[in-house]
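Everything below concerns the one structure shown next.
The values are calculated or read from the model by the stated rules, or taken from the named source; none is laboratory data. Values in this document were obtained by computation on a predicted structure and should not be read as measured data. Cβ placement follows ideal geometry from the backbone for every residue including glycine, while neighbour counts extend to all protein chains displayed.
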Amino acid sequence: MQEDWSQFKHAKFTSITGDFIRYHKKSTIWPGIKLAASINRPYMGWLVGNGDNIDFWRDTWAMEILRREYIEMPQSLWKRCTTRLSDFINSNGWDIPTDIRILLSTLRINML
C-alpha cells in the first residue's frame, strides 16, 4: 500500500526529470470529498470519550466554528487557555462552571 501511494505522489507531483513540480495542480478528488462532507455533515459528530484529546477552545467539538472566534482576547491570553474537554467531565457527567455554561448557551451549545 505504501508503495502505491509513493508511486501516485511521484507520478502526480514530479516532472519527467524527477524534480518536484513548482506549480499548483488541481485536485481531482477534493471536489468529491467536499460534496460528500456537505451531504454527511448533519450526520457527523465527535466521539468525545473522556475528553482528554479535545481542546475546549480550539477544536470544533460542538460547532463548526471555534469558540475562540466569538471571543476577542489578546493572543497572549489565548496561550493560557489550555482547557481540555475532560476538565468539564466527571463521573456524573458534565461539570461545567456557570460562566462557561452561560457562554455555551449564548453560542447555542446545549450541554445536557
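Computed values, structure above
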quantity	calculated
Residues of region 35-53 classified as of a type outside the set (A, V, I, L, M, F, W, C) and either at pLDDT 85 or above or surrounded by 11 or more Cβ atoms within 10 Å (Cβ to Cβ) (or both), total	5
Criterion: within 30 Å of Asn110 (Cα to Cα), part of a loop (DSSP other than H, G, I, E, B) and among the polar types (S, T, N, Q) - qualifying residue of Asn53, Asn40	Asn53
Of all residues making up region 1-17, the number that are at pLDDT 80 or above and either within 20 Å of Glu64 (Cβ to Cβ) or in a loop (DSSP other than H, G, I, E, B) (or both)	3
Residues located in region 21-34, provided they are more than 30 Å from Ala62 (Cβ to Cβ) and at pLDDT 80 or above	Ile21, Arg22, Tyr23, His24, Lys26, Thr28
Output for region 54-86, where each listed residue is loosely packed, with under 14 Cβ neighbours inside 10 Å and basic (Lys, Arg)	Lys79, Arg80
Subset of region 1-48 (residues that are basic (Lys, Arg) and within 30 Å of Ser86 (Cβ to Cβ))	Arg41
Scan of region 82-93 for residues that are of a type outside the set (Gly, Ala, Ser) and either within 17 Å of the chain's Cα centre (by Cα) or within 13 Å of Ile54 (Cα to Cα) (or both), ordered by number	Thr82, Thr83, Arg84, Leu85, Asp87, Phe88, Ile89
Filter result for Trp94 (modelled with pLDDT under 90, hydrophobic (A, V, I, L, M, F, W, C), within 17 Å of Met111 (Cβ to Cβ) and surrounded by fewer than 15 Cβ atoms within 10 Å (Cβ to Cβ))	yes
Residues of region 51-102 satisfying the condition of being aromatic (Phe, Trp, Tyr) and free of Cβ contacts under 8 Å to residues at least 24 places away in the same chain	Trp78, Trp94
Number of positions in region 85-112 that are outside any strand (DSSP E or B) and at positive phi	1
